[in-house]
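Engineer: Here it is: the structure, laid out below.
The values are calculated or read from the model by the stated rules, or taken from the named source; none is laboratory data. Predicted model, so just to flag it, every value in this text is computed and none were measured. Here the Cβ positions follow ideal geometry from the backbone for every residue, glycine too, while neighbour counts run over all protein chains shown. Just the protein is used for accessible areas: all its heavy atoms, side chains included, with ligands, DNA and RNA removed. Shrake-Rupley method; radii C 1.70, N 1.55, O 1.52, S 1.80 Å.
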Amino acid sequence: MDFDYSIIDTVLKEWGYGASSIIPVLHAVQERYHYIPRAAFPYIAKQVDVGEARVYGVATFYENFSLEAKGRFIIRICDGTACHVRKSTPILEALRTELGLSVQKRTSDDLNFTVETVSCLGACGLAPVLMVNDEVHASMTEEKVHALIGELKTEVATEVVHA
Ligand code: FES
């Protein structure tokens, strides 16, 4: 996929061509790609007239920015205490099995799915919990994982047909 530089241009037009625009630009890029592709760095640096290392430094400083390619659906399974006690581990294993992922391989080759663990999603009363992008799924079970992945795959397939 070619990088879409117009995302950067749009934000810079709104925020100005200065170093203070680096964070909003990185946010916009991440929103579009779910991570910050390499191609963004030299372009942002040139437009705001700072060194590329500085833009890279901002991107690596904030935990919310990712430099690693992520899938269209980012599935975050909670492995905090409440979820762990309510058996989040078999749910994580079921997710990885369904998607052919592992501890080392977190994103599917087709870039549709990323599976990550997080330490607490702040919804312990609904444990075990996972999130698909911004959507919370409460009281998960292995059966529910199977149904959920089926739905997400159908969604991907439908989009491909209509693309
Ligand atoms: S421990 Fe899972 S939401 Fe808090």
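Engineer: Which ones in segment 63-101 are more than 16 Å from the ligand (Cβ to nearest atom) and either basic (Lys, Arg) or open to solvent by less than 40 Å² (accessible area, probe 1.4 Å) (or both)?
Structural biologist: Phe65, Ser66, Ala69, Lys70, Gly71, Arg72, Phe73, Ile74, Ala94, Arg96, Leu99, Leu101 - these are the residues of segment 63-101 that are more than 16 Å from the ligand (Cβ to nearest atom) and either basic (Lys, Arg) or open to solvent by less than 40 Å² (accessible area, probe 1.4 Å) (or both).
Engineer: Still on this model: Please find, among Arg32, Arg54, the residue that is under 30 Å from Ala138 (Cβ atoms) and either open to solvent by 20 Å² or more (accessible area, probe 1.4 Å) or assigned to a helix (DSSP H, G or I) (or both). Walk me through how you get there before you give the answer.
Structural biologist: On the way: Arg54 fails: under 30 Å from Ala138 (Cβ atoms).
One residue alone meets the criteria, Arg32.
Engineer: State the number of residues belonging to segment 110-144 that are closer than 18 Å to Glu155 by Cβ and more than 16 Å from the ligand (Cβ to nearest atom). It would help to see each step written out before you state the result.
Structural biologist: Applying the first criterion (closer than 18 Å to Glu155 by Cβ) to segment 110-144 yields 110-115, 130-137, 144.
This time we only want the ones that are more than 16 Å from the ligand (Cβ to nearest atom), so: 110-114, 133.
Residues meeting the conditions: 6.
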